[in-house]
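The values are calculated or read from the model by the stated rules, or taken from the named source; none is laboratory data. Keep in mind that what you see is a predicted model, and the values were worked out from it rather than measured. Counting neighbours? That spans all protein chains shown, and the Cβs are built from the backbone with ideal geometry, glycine included.
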Amino acid sequence: MFSVLDTRPVAPGVTRLEIAAPRVARFWKPGQFVIVRVDGEGERIPLTVVDADPAAGHITLIVQAVGYTTRRLSQVPTGGEIADVVGPLGRPSEIEAFGHVAVVGGGVGTAVAFPTARALQGAGNRVTVIVGARTAAHVILADEIRDAGCDLIVATEDGSAGVKGLVTGPLEELIEADIVDRVIAAGPIPMMRAVAETTRSGAIPTMVSLNPIMVDGTGMCGGCRVRVGGEMKFACVDGPDFDAHLVDFDGLARRNRTYLEFERAALEADMPMAAR
Amino acid sequence: MKELSTRERMQIPRQAMPVRDPAERRRDFEEVALGLTPELAEREAMRCILCKRPPCIEGCPVRVRIDQFIPLVASGDLAGAARMLAEDNALPAVCGRVCPQETQCEELCVLGRKGLPVAIGALERYVADWAREHGAGRQAPTAPTGHRIAVVGAGPAGLTCASDLARLGHEVTIFEALHEPGGVLAYGIPRFRLPRDIVGAEIRALTDLGVEIVTDAVIGMAESIDDLLAGGYDAVFVGVGAGLPRFLDVPGEDLVGVYSANEFLTRVNLMKAHQAGAATPVIDLDGARVAVFGGGNTAVDAARTAVRLGAAEVAMLYRRTRAEMPARAEEVEHALEEGVLLTEQVAPVELTGTDGRLEGVRLLRMEQGEPDESGRRRPVEIPGSEFDLPIDLAVVAIGNAPNPILRRTTADLEHTKWGTLVADPDTGETRKPGVWAGGDIVTGGATVILAMGAGRRAAQAIHRHLTAKNDLEAG
Ligand SMILES: Cc1cc2nc3c(=O)[nH]c(=O)nc-3n(C[C@H](O)[C@H](O)[C@H](O)COP(=O)(O)OP(=O)(O)OC[C@H]3O[C@@H](n4cnc5c(N)ncnc54)[C@H](O)[C@@H]3O)c2cc1C
Ligand SMILES: Cc1cc2nc3c(=O)[nH]c(=O)nc-3n(C[C@H](O)[C@H](O)[C@H](O)COP(=O)(O)OP(=O)(O)OC[C@H]3O[C@@H](n4cnc5c(N)ncnc54)[C@H](O)[C@@H]3O)c2cc1C
Ligand code: SF4
Ligand code: SF4
Ligand code: FES
């Protein structure tokens, strides 16, 4: 069992959890994730580690309640317990001195991209983080991004904070006005695809953090397979970061919809698989 | 009980294990084979002619004292038989169910030369089940040696290595990546062949011996092997199995509805997708048409699982002929009884679908060509023989490659070009000091009992190494 030390909402439907997971905290590097099982009957879901304190043995997760399991996890109170936290999993993000890096986070993808942005800033890069969100209330980690020394650009769909529109607007402007040596994006699949298209013509090296459905997270099941440059890759052991210009986003989007009907039914009945 | 002559013993026919009716068992996940009754077991045990130099033992990788435990069954001393079995085999109820006995111990049984061998596996299962139900055959820990050993992977290889080392008085910690120990026994082999409470009980016997099992620990991602050696472990045994599933390498493999056997079986076995309300589903198989690619135990297990999940039609599609299938003959037989169809000599060329969902497979007929390295005749395509089969689910069961995690994270572990670990077949010693290895990670996909044999030999080698070290330090 893993103790939840703190649970707090950070945006509508988005919750930050601090969990005692000493093994993960000790070995985690930015870009890596954990697999969490809320209780003994639960499914295994992947979540990025946003921050870790190796000395205290704590990790931070930020989870958006999109379905049954993420909702259950969001509801575990401070002082509660979760059955399993295994990790760190996946390859760490490449952290090098690239020059000027634009990091794009869409929605809860900001939580996925943030640790990499901070590490890149720490490695001597200039980092501009573009955060996309529905409204001002959905913007997460703004203070942390600024505190890490990164430049912050916010884009909201309704214009309630920052510029109005999608993240690709400010990204295009940035590329036009400034030298961008590398782009990193995490968020909904359509957003990552749009970022990839934005940087393709200028051939700016672009990495995306993919979010396929996973079971074990250790290379055993092949459920997380994605096509990258026509080759089959397992996101849990070969990724989750891949070259955005080579990723088959359509295939990923289709595979992530595999269990949609089950999930809808489960959510409606507040039971994992009430459809059966 | 009167003493039987060899002649009389040899006249007793082999006793068949009762199995459930196919029509009934094909819709549930309860165990198929029911085990011997006391009468059947005693009668079967009396068939053993108690060879002076029993060849059967040579066929058992963990060297179960077959010639000694079987007479104890014949004489009704089940407690004695259980004690002996527990000393020789850390997972007797598992082996009694899933060992390919016909190519191990039973293949060498002298009775097999003229008739049918003694049903050693069935008797082993009988004793182990009796022991579990009667709380017999428990092992007691011995005086601690002060040595600490880390075992990586809680599959049959790791569990056996841990059990042997613990019984020699060493302090053993097993690190397991998943949330449950057992390896393939937990996520691969279906419960209708290997009920999970039986695996659980045999693993409990291990923790009763003092073995600590740490789940949710992926060595190489968290601690490295070097961290373990530096952190107070005197030796490390690596039994991480063969994980990474192979795919067909044909177009359409990313369609929704195409699973690796590992994923399909893990969702059902480990994550309980067969239960109403389970959180980790497989796509709805009610009335579905299912194709399973492959001819091994894994393919058969996937096919039989699909039947039980309500599929209307399940076909195993195999490149060669039934005689060449690596799966155990008994399991193939059981599968066919349950309505699984076997289509021989076909190979997929493309998986097809619309809107990203699988709808069919295009197959090519094969014929037998020249023998290949394995001595089996190579399947050769018959040009122009393409035909289409409508399917809703495809399960790819064509084997696994070794898991890459340790290979990538431990620089000085030597690997073959196939990615398996290099280890001495007699001792499990690797080229890295302090590290032993065994099971599927060394041999590639093999069997439970071969993995256990490797775990046992490594335990002995580790013990010798640590004892020699003690002597050196003392002397
Ligand atoms: C490497 C990795 C890191 C991730 N990091 C985070 C994170 O830090 N915070 C966070 O909130 N989420 C993260 N995700 C996504 C998260 O795993 C999914 O949201 C979660 O599995 C959904 O589970 P559920 O039961 O709540 O929803 P479900 O009921 O299973 O699904 C609800 C919806 O989400 C889609 N979906 C299902 N599984 C996934 C998945 N694995 N990824 C994306 N969409 C999915 C479904 O198609 C459906 O539309 C990450 C995913 C990966 C692979
Ligand atoms: C579906 C199926 C059916 C089978 N049926 C039979 C049968 O009937 N009879 C038979 O004899 N054999 C059968 N086999 C083969 C047999 O199960 C294997 O040969 C055997 O389990 C190998 O044992 P192992 O200990 O080497 O590895 P595994 O059983 O694979 O166990 C390895 C363990 O190590 C863990 N692990 C992996 N990497 C790490 C890491 N980095 N850190 C920590 N832990 C890690 C894994 O999670 C796993 O639990 C079957 C196999 C399958 C897949
Ligand atoms: S463990 Fe397997 S090989 Fe050994 S005696 Fe038992 S059934 Fe035979
Ligand atoms: S070879 Fe057959 S008959 Fe001889 S001891 Fe072994 S089981 Fe008994
Ligand atoms: S999640 Fe199973 S192989 Fe990646």
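For a quick check of your reading of the model, give me the residue pairs whose first member lies in the stretch A:238-258 and is more than 14 Å from chain B (Cβ to nearest Cβ), whose second is surrounded by fewer than 18 Cβ atoms within 10 Å (Cβ to Cβ), with beta-carbon atoms closer than 6 Å and at least 6 apart or on different chains.
That search, which allows pairs on different chains as well, returns A:His245/A:Arg200; A:Leu246/A:Gly229.
Residues B:Arg20, B:Arg26: which one is under 26 Å from B:Glu333 (Cβ atoms) and touching a Gly at 6+ places or on another chain (Cβ under 7 Å)?
Step by step, each of B:Arg20, B:Arg26 is checked, and only B:Arg26 is under 26 Å from B:Glu333 (Cβ atoms) and touching a Gly at 6+ places or on another chain (Cβ under 7 Å).
So in the stretch B:219-234, with the set limited to residues that are more than 14 Å from chain A (Cβ to nearest Cβ) and crowded, with 16+ Cβ neighbours inside 10 Å, which one is farthest from B:Leu466 (Cα to Cα)?
Out of the qualifying residues, it is B:Leu229.
Quick one: which of B:Gly182, B:Gly232, B:Gly239, B:Gly158 is at positive phi and at pLDDT 95 or above?
Matching residue, one of B:Gly182, B:Gly232, B:Gly239, B:Gly158: B:Gly182.
Six or more apart or on different chains, Cβ under 6 Å: which pairs go from a residue in the stretch A:182-202 that's in a helix (DSSP H, G or I) to one that's modelled with pLDDT of 95 or more and basic (Lys, Arg)? Could you list them?
Qualifying pairs under 6 Å: none.
Only strands (runs of 3 or more DSSP E) wholly contained in the stretch A:36-97 count here; list those with 3 or more residues that are more than 14 Å from chain B (Cβ to nearest Cβ) and under 28 Å from B:Ile405 (Cα atoms).
A:44-53, A:58-64
May I ask you to list the residues in the stretch B:262-315 that are away from every other protein chain (no Cβ under 14 Å) and in contact with a Ser or Thr (Cβ under 6 Å, 6 or more places away or on another chain)?
If the condition is that a residue be away from every other protein chain (no Cβ under 14 Å) and in contact with a Ser or Thr (Cβ under 6 Å, 6 or more places away or on another chain), then B:Ala315 is the only one that fits.
So which residues in the stretch B:89-125 are crowded, with 19+ Cβ neighbours inside 10 Å, within 19 Å of the chain's Cα centre (by Cα) and of a type outside the set (A, V, I, L, M, F, W, C)?
B:Asn89, B:Pro92, B:Gly96, B:Arg97, B:Pro100, B:Gln101, B:Gln104, B:Glu106, B:Gly121, B:Glu124, B:Arg125
Can you pull out the residues in the stretch A:121-142 that are touching a residue at least 60 places away in the same chain (Cβ under 8 Å) and either under 14 Å from A:Gly165 (Cα atoms) or assigned to a helix (DSSP H, G or I) (or both)?
Passing the criteria: A:Ala133, A:Ala137, A:His138, A:Val139.
Looking at this structure, is A:Ala196 touching a Phe, Trp or Tyr at 6+ places or on another chain (Cβ under 9 Å), more than 9 Å from chain B (Cβ to nearest Cβ) and under 26 Å from A:Arg126 (Cβ atoms)?
Here the answer is yes, as A:Ala196 does meet what is asked.
Is it fair to say B:Asp216 is in a loop (DSSP other than H, G, I, E, B), within 16 Å of ligand 1 (Cβ to nearest atom), of a type outside the set (Ser, Thr, Tyr) and within 14 Å of another protein chain (Cβ to nearest Cβ)?
Judged against the criteria, B:Asp216 is not a match.
Give all pairs with beta carbons closer than 6 Å in which a residue from the stretch A:56-81 that is free of Cβ contacts under 8 Å to residues at least 40 places away in the same chain meets a residue that is part of a helix (DSSP H, G or I) and buried (at least 18 other Cβ atoms within 10 Å of the Cβ); count only pairs at least 6 apart in sequence or on separate chains.
Going by the 6 Å Cβ cut-off, the qualifying pairs are A:Gly57/A:Ala25.
Being assigned to a strand (DSSP E or B) and within 14 Å of chain A (Cβ to nearest Cβ) is the filter here; which residues of the stretch B:163-206 pass it?
If the condition is that a residue be assigned to a strand (DSSP E or B) and within 14 Å of chain A (Cβ to nearest Cβ), then B:Thr173, B:Phe175 are the ones that fit.
Can you confirm whether B:Glu414 is farther than 18 Å from B:Gly158 by Cβ, touching a strand residue (DSSP E or B) at 6+ places or on another chain (Cβ under 8 Å) and charged (D, E, K, R)?
In short, yes.
Any residue that is within 30 Å of A:Val85 (Cα to Cα) and surrounded by fewer than 16 Cβ atoms within 10 Å (Cβ to Cβ) - is there at least one of those in the stretch A:184-202?
yes
Which numbered condition in (1) more than 10 Å from chain A (Cβ to nearest Cβ); (2) touching a residue at least 60 places away in the same chain (Cβ under 8 Å) is the only one that B:Tyr259 fails?
Among (1) more than 10 Å from chain A (Cβ to nearest Cβ); (2) touching a residue at least 60 places away in the same chain (Cβ under 8 Å), B:Tyr259 violates only (1).
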